[in-house]
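Read the structure below first, then the notes.
The values are calculated or read from the model by the stated rules, or taken from the named source; none is laboratory data. Quick caveat: nothing in here was measured; it's all calculated off a predicted structure. Here the Cβ positions follow ideal geometry from the backbone for every residue, glycine too, while neighbour counts run over all protein chains shown.
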Ligand SMILES: NC(=O)c1ccc[n+]([C@@H]2O[C@H](COP(=O)([O-])OP(=O)(O)OC[C@H]3O[C@@H](n4cnc5c(N)ncnc54)[C@H](OP(=O)(O)O)[C@@H]3O)[C@@H](O)[C@H]2O)c1
């Protein structure tokens, strides 16, 4: 019998690495999609349950070829997908001052990258007539993000891709939802000093506005994602869940 696997993109990111460790503890088979870095998941290095796959989601051929080759080699059956990979608007400039090349890169990585990922993974879910998907949006899909227009636009596009896909793929027993967090409590030590400063100020202000007076923890996110991907969830699809501590 083929072994069921969970795919996690952005697996070396804050959220992705935490999810990878949680699912590894539950002895799930994991396909961890990495880009450049792997420091946060080094301890999970390739054993029988975890496969690391380095690829650039913005490149469809690379994504498809490497993913297909891994499935052929392992004979695993992908059944669940958590898509956290993203790049941000780290120049934090208003749209009018934003470099068009950087704007295009963010849009391409986040939106086209999501398309490439789904185009690669969906045939496996369709063939098996089963699949559960959680895409990561952000609360900026409903409030915007001054000085982050490309990121905000790309996150809104991802949430709407999720709605569309849920309608298109329901006939194939594929369930798709988007989880849209507000600020998450993360380790920001790897950010540039200027971006860290911008982020800390932004988040301090946001925390004051959050009714529960704190940022989301990784556990807050893991709880809802594991439910959405579980057997218990057979009817919730096409939704966007805001994880914002009560902040509208
Ligand atoms: N952190 C927050 O406060 C917050 C708030 C709201 C929503 N979110 C959303 O939550 C999700 C997780 O956030 P996070 O903080 O964990 O993100 P993160 O730490 O920045 O991780 C993003 C990951 O995406 C990977 N990536 C970037 N470009 C890629 C590409 N071309 N191909 C494949 N992978 C690529 C990066 O790999 P490399 O580093 O190796 O390039 C990185 O591991 C994101 O979708 C984000 O939009 C986060």
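Each row is one residue, and each column tells you yes or no for (1) modelled with pLDDT of 95 or more; (2) buried (at least 17 other Cβ atoms within 10 Å of the Cβ); (3) at negative phi.
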{"site": "166", "(1), (2), (3)": "yes, yes, yes"}
{"site": "208", "(1), (2), (3)": "no, no, yes"}
{"site": "217", "(1), (2), (3)": "yes, no, yes"}
{"site": "225", "(1), (2), (3)": "yes, yes, yes"}
{"site": "243", "(1), (2), (3)": "yes, yes, yes"}
Practice task
Check region 194-210 and report whether any residue there is more than 15 Å from the ligand (Cβ to nearest atom) and farther than 21 Å from residue 98 by Cβ.
Solution key: yes
Exercise for the section: Please identify the pairs in which a residue from region 122-133 that is under 17 Å from residue 67 (Cα atoms) has its Cβ atom under 6 Å from the Cβ atom of a residue that is at pLDDT 95 or above and in a helix (DSSP H, G or I), counting only partners at least 6 apart or on another chain. Expected result: 126/172; 131/125
Practice task
Report, by residue number, each residue of region 98-120 that is within 15 Å of the ligand (Cβ to nearest atom) and out of contact with any helix residue (DSSP H, G or I) (no Cβ under 7 Å at 6 or more places or on another chain).
Solution key: 102, 104, 105, 108, 109, 112, 113, 115
Practice task
Give region 121-150 a look and list any residue that's away from the ligand (no atom under 14 Å from the Cβ), on the phi < 0 side of the Ramachandran plot and surrounded by fewer than 16 Cβ atoms within 10 Å (Cβ to Cβ), or say none.
Solution key: 123, 126, 127, 146
Exercise for the section: Among the residues of region 173-190, write down those that are in contact (Cβ under 8 Å) with a residue 24 or more places away in the chain and in a loop (DSSP other than H, G, I, E, B). Expected result: 173, 182, 183, 185, 186, 187
Exercise for the section: Looking for whichever is farther than 23 Å from residue 102 by Cβ, assigned to a helix (DSSP H, G or I), more than 10 Å from the ligand (Cβ to nearest atom) and in contact with a strand residue (DSSP E or B) (Cβ under 6 Å, 6 or more places away or on another chain) here; the options are 170, 166. Which one fits? Expected result: 166
